[in-house]
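Below you'll find the structure, written out as structure tokens, and then a few comments.
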Amino acid sequence: VVLGDMLELGKYTVQAHQEIGNLAGGSVDILVTVGLRAKFIADAAANQMDAKNIYSFVNSDLAKLKVQELVGDGDLILVKGSQGMRMEKVVEEIMADPLHKNELLVRQSKKWLNK
């Protein structure tokens, strides 16, 4: 699973990220986190899974390269995070047909891509 920061949670930021980490830690083989807040996900998951299977990155541009390296045939990957984390970059990196990203991925307008 690839999980990015959940933004705009206010005082629930730490707690919500830790809760997700607790759920993920007991459910996934490999965890990739994206963002500073998502580190709370990784830390909580480390209580339930081997830390060697947890990878943390500050942004999706760095994470996508590791995800591409980790993905194998038949793997099922969940990618989720707030819009501002640009998780679609991770999906683009691992999709089978990236030439059709404009039709298949969210937020592919020129305006969005230039942000």
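The values are calculated or read from the model by the stated rules, or taken from the named source; none is laboratory data. Remember, predicted model here, so these are calculated numbers, not experimental data. All Cβ positions, glycine included, derive from the backbone under ideal geometry; neighbour counts span all protein chains shown.
Among the residues examined, residue 84 does not qualify as on the phi > 0 side of the Ramachandran plot and modelled with pLDDT under 95.
Is it the case that some residue within segment 7-26 is closer than 16 Å to residue 87 by Cα and out of contact with any Pro (no Cβ under 7 Å at 6 or more places or on another chain)? Can you show your working first?
Of all residues in segment 7-26, those closer than 16 Å to residue 87 by Cα come to 7.
Narrowing the set further to residues that are out of contact with any Pro (no Cβ under 7 Å at 6 or more places or on another chain) leaves 7.
So far as segment 7-26 goes, yes, one or more of its residues are closer than 16 Å to residue 87 by Cα and out of contact with any Pro (no Cβ under 7 Å at 6 or more places or on another chain).
Where the second residue is surrounded by fewer than 19 Cβ atoms within 10 Å (Cβ to Cβ) and acidic (Asp, Glu) and the first is closer than 16 Å to residue 1 by Cβ and lies in segment 36-63, which pairs have Cβ atoms under 8 Å and are six or more apart or on separate chains? So the pair list comes out as 44/19; 53/29. Against the conditions (1) of a type in the set (D, E, K, R); (2) at pLDDT below 95; (3) touching a strand residue (DSSP E or B) at 6+ places or on another chain (Cβ under 7 Å), residue 39 satisfies every one except (2).
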